[in-house]
Amino acid sequence: MQRNFKIDKWYVSPGHKIIKEILSLGDEQFWGTSVKAAVSDWNIQDLPVFDDLKQQIHALYSDYKIEELWSAVYRQGDYAQNHCHPGFDYSFVWYLDTCRDCSPLVFPDVEHPWMPPLHVHRPKVGELLVFSGNSHHYVTPHICSHERIVVSGNLVPVKKESTWEPGYYQ
């Protein structure tokens, strides 16, 4: 029997400068994480271009704050290995450049790997997905010729610091 799975879906309009800003950040992780794509620094939340996103997340999850925020630019063949974000109450992904053929975000049933995934999400521009930090997920290899651009992050309660340690889920 499959587990219950909860995912919140919201819409946050991407600002017109965000993609240009993300592309300028480059690859700071050099494929050293579970995301095998161009990944920025882990802490880009203080860049002014993300002020609207931070305000929206605060309005939706007022008891939480963004502790980490990073971008990922997937090119053909790029993917994300199965991983989760332990130590964080919530994780999220915000889709900035996608199409209907872009690789989905897959939430496997890790307790019953022979069963179908708990959820397969086809991304849409502006969608913000919020899910438990303990939810395993991955992205299948990107097959489109354009870039698949996302911003991801982790939330913690305003009064609590995370228990995450660098390198734990990389």
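The values are calculated or read from the model by the stated rules, or taken from the named source; none is laboratory data. Note that this is a predicted model, so its numbers are computed, not measured. Neighbour counts are summed over all protein chains in view; Cβ atoms, including those assigned to glycine, are modelled from backbone coordinates with ideal geometry. Note: accessible area is taken over every heavy atom of the protein model, side chains too, but ligands, DNA and RNA are not part of it. Shrake-Rupley method; radii C 1.70, N 1.55, O 1.52, S 1.80 Å.
Is it the case, given these coordinates, that D41 is within 12 Å of V151 (Cα to Cα) and assigned to a loop (DSSP other than H, G, I, E, B)?
yes
Inside the range 44-80, residues that are touching a residue at least 24 places away in the same chain (Cβ under 8 Å), hydrophobic (A, V, I, L, M, F, W, C) and not in a strand (DSSP E or B) make up a count of 7. Could you check the range 108-146 and list, in sequence order, the residues that are closer than 21 Å to A37 by Cα, in a loop (DSSP other than H, G, I, E, B) and of a type in the set (A, V, I, L, M, F, W, C)? If the condition is that a residue be closer than 21 Å to A37 by Cα, in a loop (DSSP other than H, G, I, E, B) and of a type in the set (A, V, I, L, M, F, W, C), then V125, I143, C144 are the ones that fit.
Residue-wise test of (1) modelled with pLDDT of 95 or more; (2) open to solvent by 60 Å² or more (accessible area, probe 1.4 Å); (3) not charged (D, E, K, R).
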| position | (1), (2), (3) |
| --- | --- |
| Y61 | yes, no, yes |
| I66 | yes, no, yes |
| L69 | yes, no, yes |
| N82 | yes, yes, yes |
| S103 | yes, no, yes |
| V110 | no, yes, yes |
| K124 | yes, yes, no |
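Which of the residues belonging to the range 77-107 are in contact with a helix residue (DSSP H, G or I) (Cβ under 8 Å, 6 or more places away or on another chain) and within 25 Å of N4 (Cβ to Cβ)? Even if it seems obvious, please write down each step before you answer.
Keep residues of the range 77-107 that are in contact with a helix residue (DSSP H, G or I) (Cβ under 8 Å, 6 or more places away or on another chain), which gives 92, 94, 96-97.
Passing the criteria: F92, W94.
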